[in-house]
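Engineer: Sharing a structure here in structure tokens format.
The values are calculated or read from the model by the stated rules, or taken from the named source; none is laboratory data. Predicted model only: the values in this text are computed from it and were never measured. In this analysis, Cβ positions are derived from the backbone assuming ideal geometry, glycine residues included, and neighbour counts consider all displayed protein chains. Note: accessible area is taken over every heavy atom of the protein model, side chains too, but ligands, DNA and RNA are not part of it. Shrake-Rupley method; radii C 1.70, N 1.55, O 1.52, S 1.80 Å.
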Amino acid sequence: MKWKYIPEHKPTLILIILLCISISLLAFNLTKKIWTLRYFVYYVFNPVPELALKIIDNSKYLSENLLSIVKLKEENRELKERLNKLLFMETEYNEVITENKRLKELLELKKGLTYDIISARVISHDPFNWFRAITIDKGHKDGIVVDAPVVTVIDYQIALVGKTVIVDENTTRILLLTDTLLAVPAKVLRTGDNCLIQGNGTPKLILDYLLQESVINIGDEIVTSGIGEIYPSGIPIGIVTDIKTGEEEYFKHAIVKPKVAINRISEVFILKKVK
Amino acid sequence: MRFYLVLGILILVSFVLQLLWVQYLPIFGIGPQILLVVIIYFALNYGPIIGEIYGFISGLFLDIFSISVFGTQCFIFTIIGYINGMMSNRVDEKNIRVQCILSLLETYFQIGIVYLFSKIFLSDSIISYKDIIIAPIYTSVLAPGIFRIMDLIILRIKKWFGKTNQI
């Protein structure tokens with residue numbers, strides 16, 4: 001009787017068994033365990049800290065072995081992050097050392113000069129001619145005047161950049177050495193022969209008015225001569241790279257490579273005469 | 001035996017399809033209950049035992065990947081499989097209206113039970129108004145298409161096996 005009854009109601013019996021299992025699953029409250037396990041699976045495929053945090057928060061639902069995988073991975077990620085931070089700090093530290101050296105160099109220059117030094121940042125280059133002019137972020141308000149010499153420090157060496165030409169309240173336009181309108185009284189450092197340095201709109205400068213009997217060699221350093229009212233004496237301008245003789249009766253010409261690379265100027269120093 | 005294996009694979013495929021559908025073709029973030037329609041299809045065509053067993057297994061799958069209380073989908077899909085299986089000789093499963101209405105009502109049944117269990121076990125509702133409005137309609141609209149695709153697949157499988165009488 002009993003055996004006949006069961007097959008007749010087989011679907012109902014199976015339903016009751018399956019529902020009992022379902023209710024047991026509900027009663028055991030496996031939800032958090034399953035969620036933690038799911039977070040773990042997601043974490044394996046996409047190890048993000050948020051998931052790791054959720055897993056660690058629900059650590060009691062996960063076995064110690066699985067938990068240690070997450071912890072190790074997180075620790076590894078944290079260490080990598082710290083390493084990146086340290087590398088960044090190292091770069092910053094090197095930058096500070098470089099700046100420190102540069103400022104020390106400038107301080108040395110200041111000691112021997114009767115000039116005040118105003119530092120400024122380059123904010124733009126002349127859009128039509130890269131070798132003509134630059135604009136800086138300091139102006140009349142900061143004490144900058146027209147026709148003040150401008151220098152910079154490149155590779156721990158001071159070099160002439162040009163002179164101020166248009167001074168606004170907050171910005172100043174600097175005419176670069178390489179512009180055709182700028183001429184700087186200069187001398188050959190080795191011999192002391194006076195000459196004139198002119199820009200020609202290219203990265204090179206032209207050395208002019210050097211007497212034929214003057215001895216000039218490739219590699220000679222050219223510095224400002226101090227003649228005139230604008231530039232103090234001894235500021236490095238560039239190095240002779242080519243000499244042209246015989247073209248004119250009285251004077252020699254030479255090509256000079258400026259010490260300052262126009263595209264590398266980011267910070268300049270304006271020399272202001274102390275009255 | 002091979003047939004049951006194929007049914008298992010179909011459940012798995014429809015489960016994956018449901019997950020993908022929610023990800024790529026949702027309406028306001030809500031996807032259709034493809035797995036539910038597949039269970040209805042099996043139950044209507046093959047009776048209550050297959051309906052409830054496959055309902056239970058697919059519910060278990062869904063429980064692992066859904067945010068509802070673990071065991072809820074098992075419970076719901078088992079009941080749905082059983083009820084539809086019991087109706088297998090009483091309704092015309094080829095009728096589109098039957099397919100749509102059953103899918104609509106049973107999606108509401110599923111939402112209702114999930115709401116109830118989440119209130120009891122989580123003391124919070126995980127059902128939004130979007131679930132109530134979009135999911136049943138989206139599911140019932142797609143149901144005839146799913147039924148048709150399942151028909152074609154089963155027919156092809158029968159041809160492959162060449163044992164029509166056994167199925």
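Engineer: In terms of modelled amide H atoms, which long-range or inter-chain residues lie less than 5 Å from the amide H of A:Ile154?
Structural biologist: A:Ala159
Engineer: Here is a follow-up. Among A:Ile154, A:Pro236, B:Gly81, which residue has its Cα furthest toward the positive end of the charge dipole of the protein assembly as shown, with +1 on Lys/Arg Cβ and -1 on Asp/Glu Cβ?
Structural biologist: The listed residue farthest towards the positive side: B:Gly81.
Engineer: In terms of Cα to Cα distance under 12 Å, which aspartates and glutamates are near enough to A:Lys101, apart from those fewer than 8 places away along the same chain?
Structural biologist: The reachable aspartates and glutamates, counting only those whose Cα sits under 12 Å from A:Lys101, are A:Asp155.
Engineer: Using a Förster distance of 45 Å, how high is the FRET efficiency between A:Leu72 and A:Asp168, based on the Cβ-Cβ distance and rounded to 0.05?
Structural biologist: 0.15
Engineer: Compute the acute angle (0 to 90°) between the alpha-carbon long axis of helix B:48-65 and the principal axis of greatest extent of the alpha-carbon atoms of chain B; round to the nearest 10°.
Structural biologist: Result, in degrees: 40.
Engineer: Grab chain B and count how many Lys pairs have their alpha-carbon atoms under 30 Å apart, sequence gap of 8 or more, or different chains.
Structural biologist: Numbers: B:Lys94/B:Lys130; B:Lys94/B:Lys158; B:Lys94/B:Lys159; B:Lys94/B:Lys163; B:Lys119/B:Lys130.
Taking chain B as the scope, the lysine pair count is 5.
Engineer: Compute the long axis of helix B:129-161 from its Cα atoms, compare it with the longest principal axis of the Cα atoms of chain B, and write down the angle in degrees, 0 to 90, nearest 10.
Structural biologist: 20
Engineer: So which lysines can A:Lys71 reach, going by Cα to Cα under 22 Å and dropping same-chain residues fewer than 8 places off?
Structural biologist: A:Lys32, A:Lys33, A:Lys54, A:Lys60, A:Lys80, A:Lys85
Engineer: Just flag the chymotrypsin sites (Phe, Trp or Tyr not before Pro) in the stretch B:14-65 sitting in loop per DSSP whose Cβ has no more than 13 other Cβ atoms within 10 Å. Write out the running numbers ahead of the final one.
Structural biologist: Working: sites: B:Phe15, B:Trp21, B:Tyr24, B:Phe28, B:Tyr41, B:Phe42, B:Tyr46, B:Tyr54, B:Phe56, B:Phe61, B:Phe65; in loops: B:Phe28.
Sparse-neighbourhood loop chymotrypsin sites (Phe, Trp or Tyr not before Pro): B:Phe28.
Engineer: Roughly what would the spin-label model give for B:Tyr129 and A:Ile56, points 7 Å off Cα along C-beta, in nm?
Structural biologist: 4.0
Engineer: In peptide B:60-73, how many Cβ atoms from other protein chains are near each Cβ within 10 Å, on average?
Structural biologist: Values: counts 3, 0, 0, 6, 5, 3, 2, 3, 1, 6, 11, 12, 4, 2.
Mean inter-chain Cβ contacts per residue within 10 Å come to 4.
Engineer: I need the peptides A:258-265, A:70-77 ranked by packing, meaning the mean over residues of other C-beta atoms within 10 angstrom, with the highest value on top.
Structural biologist: Details: A:258-265: 17.8, A:70-77: 14.4.
Those peptides, ordered most packed to least, come out A:258-265, A:70-77.
Engineer: Right, next: Computed from the mean reciprocal separation of all distinct C-alpha pairs, what Kirkwood hydrodynamic radius does the protein assembly as shown have, in Å? Write out the running numbers ahead of the final one.
Structural biologist: Details: mean 1/r = 0.0335 Å⁻¹.
Across the protein assembly as shown, the inverse of the average 1/r is 29.8 Å.
Engineer: So how strong a dipole does chain B carry about its Cα centre when Lys and Arg Cβ are +1 and Asp and Glu Cβ are -1, to the nearest 20 debye?
Structural biologist: Details: 11 positive and 8 negative charges, 123 e Å.
Once rounded to the nearest 20, the dipole reads 600 debye.
Engineer: By how many degrees, between 0 and 90 and to the nearest 10, does the Cα long axis of helix B:72-86 differ from the longest principal axis of chain B?
Structural biologist: Once rounded, the angle reads 40 degrees.
Engineer: What helices does chain A have that are whole DSSP H segments, at least 18 Å long along their own axis by Cα, and with mean Kyte-Doolittle hydropathy of 1.0 or more?
Structural biologist: Numbers: long enough: A:10-27 (25 Å, 2.32); A:31-45 (21 Å, 0.25); A:64-111 (68 Å, -0.84).
The qualifying helices are A:10-27.
Engineer: Next up: Can you list residues whose amide H is under 5 Å from A:Thr180's amide H, if they're 5+ apart or on another chain and H is modeled 1.01 Å from N?
Structural biologist: Amide H to amide H, under 5 Å and 5 or more residues apart or across chains, A:Thr180 pairs with A:Gly201.
Engineer: Relative to the Cα centre, what is the charge dipole magnitude of the protein assembly as shown, using +1 at the beta carbon of each Lys and Arg, -1 at the beta carbon of each Asp and Glu, and rounding to the nearest 20 debye? Walk me through the numbers on the way to the answer.
Structural biologist: Numbers: 47 positive and 42 negative charges, 502 e Å.
Result for the protein assembly as shown is approximately 2420 debye, rounded to the nearest 20.
Engineer: Report in % the part of the accessible area of the protein assembly as shown that belongs to carbon and sulfur, leaving out ligands and nucleic acids; probe 1.4 Å.
Structural biologist: 62
Engineer: Looking at chain A, which longest stretch skips every one of the chymotrypsin sites (Phe, Trp or Tyr not before Pro) that is in a DSSP loop with at most 12 other Cβ atoms within 10 Å, leaving the sites themselves out?
Structural biologist: Details: sites that count: A:Phe28, A:Phe128, A:Tyr156, A:Tyr250.
Excluding the exposed sites themselves, the longest stretch runs over A:29-127.
Engineer: Given the rule -39500 (n - 2.57) for each run of at least 4 DSSP H residues, summed and divided by the residues of chain A, what is its mean residue ellipticity at 222 nm, to the nearest 500 deg cm²/dmol?
Structural biologist: Details: 5 runs with 97 residues, N = 275.
Here the helix-only value at 222 nm equals -12000 deg cm²/dmol.
Engineer: Separate question: Where does chain B land at 222 nm, in deg cm²/dmol rounded to the nearest 500, when only DSSP H runs of n ≥ 4 count, each adding -39500 (n - 2.57), divided by all residues?
Structural biologist: Details: 6 runs with 128 residues, N = 167.
After summing the helix terms and dividing by the residues of chain B, the value is -26500 deg cm²/dmol.
Engineer: Would you pull out the residues with amide H under 5 Å of A:Val223's amide H, same chain only if 5 or more places away, H placed 1.01 Å from N?
Structural biologist: A:Lys187, A:Leu189, A:Ile237
Engineer: Further question: For the pair A:Phe28/B:Lys159, report the inter-label distance in nm, with labels modelled 7 Å from Cα in the Cβ direction.
Structural biologist: The two pseudo-label positions are separated by 4.4 nm.
Engineer: Using +1 on the beta carbon of Lys and Arg, -1 on that of Asp and Glu, and nothing else charged, what's the dipole of the stretch A:110-258 about the Cα centre, debye to 20? Don't jump to the answer; show the numbers that get you there.
Structural biologist: On the way: 14 positive and 19 negative charges, 84 e Å.
I would put it at about 400 debye.
Engineer: Follow-up. May I ask you to list the lysines whose Cα is less than 17 Å away from that of A:Lys141, ignoring any residue fewer than eight positions away on the same chain?
Structural biologist: In chain and number order, the partners are A:Lys272, A:Lys273.
Engineer: Taking R0 as 60 Å, what FRET efficiency do you get between A:Lys10 and A:Arg121 from their Cβ-Cβ distance, rounded to the nearest 0.05?
Structural biologist: Details: r = 87 Å, r/R0 = 1.45.
FRET efficiency, A:Lys10 to A:Arg121: 0.10.
Engineer: Probe radius 1.4 Å, ligands and nucleic acids left out: can you give me the accessible area buried at the A-B interface, summed over both chains, in Å² to the nearest hundred? Don't jump to the answer; show the numbers that get you there.
Structural biologist: On the way: alone 17580 and 9250 Å², together 25020 Å².
The buried area between A and B, both sides summed, comes to about 1800 Å².
Engineer: If I take every Cα pair under 8 Å that is 6 or more residues apart in chain A, average their sequence separation and divide by the length, what percent do I get for the relative contact order?
Structural biologist: Working: 479 pairs, mean separation 40.4, N = 275.
Here the relative contact order equals 15 percent.
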